[in-house]
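The values are calculated or read from the model by the stated rules, or taken from the named source; none is laboratory data. In this text, all values refer to a predicted model and were calculated from it rather than measured experimentally. A quick note on method: Cβ atoms are made from the backbone with ideal geometry, for glycine too, and the neighbour counts reach across all protein chains shown.
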Amino acid sequence: MAEKATAKTAVLQTETRIFEPPADLVDNSNVMQWMKKKGFKTEKEMRSWCSENYVEFWDEMAKKYVDWFEPYTTVMDNSEMPYFKWFTGGKVNMTYNAVDRHAASDKKDKLAYIFVPEPTDQETQKITYGELAKEVNKLANGLKSLGVEKDDRVSLYMPMIPQLPIAMLACAKIGAIHSIVFSGFSAKGFGDRVKDCEAKVAITTDGFYRRGKAMPLKAQADEAIADAPSVEHLVVYKRTGIDVDWKDGRDIWWDDLIEGKSDECEAVPLDPEHRLFILYTSGTTGKPKGIEHAVGGYCVAPAQTLDWVFDIKEDDIWWCTADIGWITGHSYIVYGPLVLGCTSMIYEGSPDYPDFGRWYKIIEDNKVTIIYTAPTAIRMLMKQGSKWPEKYDLTSLRLLGSVGEPINPEAWIWYRKNFGADKLQIMDTWWQTESGTFINSPLPITPLKPGSCTFPLPGYNATIYDELGNEVPLGEGGNIVQPTPWPSMLRAFYKDTERYQKEYWSVYWDTPKRGTYLAGDKATRDKDGYFWIQGRIDDVLSVAGHRIANAEVESAIVAHPSVAESAVVGKPDEIKGESIVAFVTVITGVEETDDLKKDIRTFVRKSLGPVAMPSEIHFVPDLPKTRSGKIMRRVIKAQSLGKPTGDVSALANPEAVETIPLIV
Ligand code: WTA
C-alpha cells in the first residue's frame, strides 16, 4: 500500500502564461462548425459530452469520414476485454477510402503528395489522387502476381519517397498486412522484425540520399533476409542507381514487377477488425513489440483527429516531418491526410542539407500552411539561431504542431516566434504507437499553455490514476490512463498475447477499473485541468523521497540560454536514494566552463527547487538518440554507471555513447 501510493509524482513547475487562440481561427475552425451544429456553447461542454458519449460520438464520426462497403452493426464490442472491437459486422477498405473514392471524384486532379527529393538538383514531384490510384493499383497487381494474398505480411524497408505510401496502400487494397521498418535501422533491426512477422515479400530500394550522398539500402536488406526463410521475394525500387548484388529468382525490380500490369484493381472488402498493419515499437525489455492495428478504426480516427486538431481545409498544404517508418508517418502522412483528401509534403532528407535553411525553404517554395514536427527538431533548429528562419518567407503557415516528447516551454516559445511570427498556435499532441492517433491535444479553439498537451480530445477519456485506480486530484500526478477504448487503439501484439495483456492491462485488471489502458507515461494536471506529460513511467527519479520526472529536470536545464540539450539520470546515493546527474550539450559557440555548470545548477534550483538541482553536470558533445530523436536515457544511464549498454546499433549516433563519462 505504502509503496503504491508513491506512484504519484510531484509537480514542481507551474506555467502561468496562457496563449488564447485568435478569434478568426476559432470562428472558422472545423470543430467550431460542428459545435454550432450540435448546439455546444463551450469547448469544455463539448469535450465532456463527446468523451462521456464516446460510442455515439465515434459512430457519428465513422459515418462522416468513411465510406463503408457494408455498414457495421455494432459500434464497439467490449465483450472480450482487453480485445476490444470496433465497427463489427461491416466491410471496409482503407485504400478505397484513402485513394479510390477521391480519384473517382473531382479531387482526381488534386495533389495527394508533393515530394521534395533531398538532392537539390532533382525536381519536386507532384502526384495527384488520380495518379496515385494508378500507381497503387499497378503495384497491388504486381504483389498479387508474386502470390501475395489477404493476411500475408509484407515488410517495407524504404526511405521517405512516395513509393513507400504507394506500397502501403497496395498492401491495404488487397488485405495484405504491411510492416514497415524504419530505413535507418540496421540490417539486424530489419532482420529481427521481418523474421518475427514472417513476411512473404519484402520491399526496399537500391539506396537513398542522405546529406547529398547516395547510401546503400538493399545491401542491409540482403543481409537481413538471408536468414529469413519466409521471404520469397525482395522487390527493389531503383532510387539512386547505385550498384547492388542480385539474387536471381528472389529479387525483382519494382519497375519490372509493375510493367504491363493493369492500373485497375478491386479493393477487397475487409472485416473492420482485419489487421491493417503491424508496427514494431520498443518496450522496456529491449525486444520489440509488434503492435497490431485494425483497418476499420484506422479509416476513421487518424482522419477525424487530423481534421479537428489541425483544422484541415481544402487548400491546405500539410507537412508532417516525421518518417513514415514511425507511427506519426503512418497516421499523419499516409492514412489520415489521404482519407481527408488533403495535400501532403514528403521530404526525403535531413533538415541540414545543404544547410540549416532547408526546411524553411521547403515551406517557402511550397507555401506549406501547417507544419507538424518534433521538439528534438525544434531544439536543433533553435541551436542554429533565428538567422535561418529570418531569411525565408514563412507567412503561408497558419498552424504549428509538436509530437514525440514533452516540448520544453523554451523551445515552444522559440517555435512560435520563429515559425509562427509570434502568433501561431501550437498543437502539442500527446499519443503513442499504441494509440494510433492523438489522445490529448489542443484544438484550434483551446487556450494554450506552453509545454502542455492540454486535454483529452473528444471521444477520449484520458485521466490520471494512482496505482490502485483512484483518480488523482488536480495538482497531483500519476499514471496517465485511458479508461475507455477508442477506434484506433492497438488490438494486440503480434504472436504475444501474454505480453500485451501484461504491459497495458494488468495494473488495473483487479481493480474496479478493469479495462483501463495503462499508457506507460507519468503525467500531472494543474489546477485548470491541463495535462503535463512528465515522461515514461520508468524515467522517474527518486531523490530524497521525492519522485521527480527526468523530463521535468531536463526541461528546466534546457530553458537555460546556453544549453541545447540535456539528459538527466539518477545516480545511486546512500542518503538521498538517487542524486541527479545531468549530461548537457551547449549552444554552438558557448564555452564549457565550471562557472556555467554552477550557473545551470542555480538556474534549475530557482525554477524547480533545491530537490531537483543536479548534483553534477557533465558537458558532452552529443547525446545518444534514437532515429526518431528521442534521447536514450537508458543507454546514457548504463554507460555512465559502467554497466553494459546492450546493442546500440539502432541509435542515430551510436558514437555518442562513448563520450558519456563514468559517474561512479
Ligand atoms: C512520448 C509517438 C510528451 C510519450 C507519437 C509517449 C510525448 C511516447 C508526446 C510514444 C507529447 C509523444 N508530449 N510526450 N506531445 N508525444 N510523447 O510510440 O512518452 O514513438 O508514450 O509515438 O512518446 O512514442 P511513440
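Within the set of pairs 6+ apart or on separate chains, which have a first residue in region 328-349 that is assigned by TED's automatic domain parsing to the domain that holds residue 293 and over 11 Å from residue 306 (Cβ atoms), a second that is of a type in the set (D, E, K, R) and within 13 Å of the ligand (Cβ to nearest atom), and C-beta atoms under 8 Å apart?
That search, which allows pairs on different chains as well, returns 329/323.
Residue check: is residue 478 over 16 Å from residue 431 (Cβ atoms) and more than 23 Å from the chain's Cα centre (by Cα)? Steps first, please.
Working: over 16 Å from residue 431 (Cβ atoms): yes; more than 23 Å from the chain's Cα centre (by Cα): no.
Against the criterion (over 16 Å from residue 431 (Cβ atoms) and more than 23 Å from the chain's Cα centre (by Cα)), residue 478 does not qualify.
Of the residues 567, 519, 556, 551, only one is more than 23 Å from residue 432 (Cα to Cα), within 16 Å of the ligand (Cβ to nearest atom) and not acidic (Asp, Glu); which?
Answer to the check: 556.
Select from region 249-308 the residues that are farther than 30 Å from residue 635 by Cβ and within 14 Å of the ligand (Cβ to nearest atom) and list them in ascending order. Steps first, answer last, please.
First, the residues of region 249-308 that are farther than 30 Å from residue 635 by Cβ: 249-276, 294-308.
Scanning region 249-308 gives 301, 302, 305, 306.
Of 429, 395, which residue is assigned by TED's automatic domain parsing to the domain that holds residue 522, over 26 Å from residue 305 (Cβ atoms) and β-branched (Val, Ile, Thr)? Full working, then the answer.
On the way: 429 fails: over 26 Å from residue 305 (Cβ atoms).
Unique residue meeting the criteria: 395.
With 634, 605, 627 as the choices, which residue is within 16 Å of the ligand (Cβ to nearest atom), assigned by TED's automatic domain parsing to the domain that holds residue 543 and not in a loop (DSSP other than H, G, I, E, B)?
Values: 605 fails: within 16 Å of the ligand (Cβ to nearest atom); 627 fails: not in a loop (DSSP other than H, G, I, E, B).
Within the list 634, 605, 627, the selection yields 634.
Show me the helices (runs of 4 or more DSSP H) found entirely inside region 177-268 where at least 1 residues are out of contact with any strand residue (DSSP E or B) (no Cβ under 7 Å at 6 or more places or on another chain) and among the β-branched types (Val, Ile, Thr). Before you say what the answer is, go through the steps one by one.
Working: elements: 187-197, 218-225, 254-258.
Of the helices (runs of 4 or more DSSP H) lying wholly inside region 177-268, those with at least 1 residues that are out of contact with any strand residue (DSSP E or B) (no Cβ under 7 Å at 6 or more places or on another chain) and among the β-branched types (Val, Ile, Thr) span 254-258.
Can you tell me which residue within region 637-664, out of those that are without any contact (Cβ under 8 Å) to a residue 24 or more places away in the chain and in a loop (DSSP other than H, G, I, E, B), is nearest to residue 582 (Cα to Cα)?
In this case the residue turns out to be 662.
With 487, 483, 512 as the choices, which residue is farther than 30 Å from residue 15 by Cβ, more than 12 Å from the ligand (Cβ to nearest atom), touching a strand residue (DSSP E or B) at 6+ places or on another chain (Cβ under 8 Å) and not assigned by TED's automatic domain parsing to the domain that holds residue 177?
Working: 483 fails: farther than 30 Å from residue 15 by Cβ; 512 fails: touching a strand residue (DSSP E or B) at 6+ places or on another chain (Cβ under 8 Å).
Going through 487, 483, 512 in turn, just one is farther than 30 Å from residue 15 by Cβ, more than 12 Å from the ligand (Cβ to nearest atom), touching a strand residue (DSSP E or B) at 6+ places or on another chain (Cβ under 8 Å) and not assigned by TED's automatic domain parsing to the domain that holds residue 177: 487.
I'd like to know if region 479-498 contains one or more residues that are assigned to a helix (DSSP H, G or I) and free of Cβ contacts under 8 Å to residues at least 40 places away in the same chain.
At the first step, the residues of region 479-498 found to be assigned to a helix (DSSP H, G or I) are 497-498.
Keeping just the survivors that are free of Cβ contacts under 8 Å to residues at least 40 places away in the same chain gives 497-498.
Yes, region 479-498 contains a residue that is assigned to a helix (DSSP H, G or I) and free of Cβ contacts under 8 Å to residues at least 40 places away in the same chain.
For residue 618, which of the numbered conditions (1) assigned to a helix (DSSP H, G or I); (2) in contact with a Phe, Trp or Tyr (Cβ under 6 Å, 6 or more places away or on another chain) fails to hold?
Just one mismatch for residue 618, condition (1).
Is it the case, given these coordinates, that residue 147 is closer than 30 Å to residue 368 by Cβ, surrounded by fewer than 21 Cβ atoms within 10 Å (Cβ to Cβ) and either modelled with pLDDT under 95 or of a type in the set (Gly, Ala, Ser) (or both)? It would help to see each step written out before you state the result.
Numbers: closer than 30 Å to residue 368 by Cβ: no; surrounded by fewer than 21 Cβ atoms within 10 Å (Cβ to Cβ): yes; either modelled with pLDDT under 95 or of a type in the set (Gly, Ala, Ser) (or both): yes.
The answer is no for residue 147.
Those residues that are closer than 17 Å to residue 367 by Cα and assigned to a loop (DSSP other than H, G, I, E, B), I need them from region 118-147; list them, please. Break it down into steps so the answer makes sense when it comes.
As a first pass, look at region 118-147 and keep what is closer than 17 Å to residue 367 by Cα: 123-127.
Passing the criteria: 123, 124.
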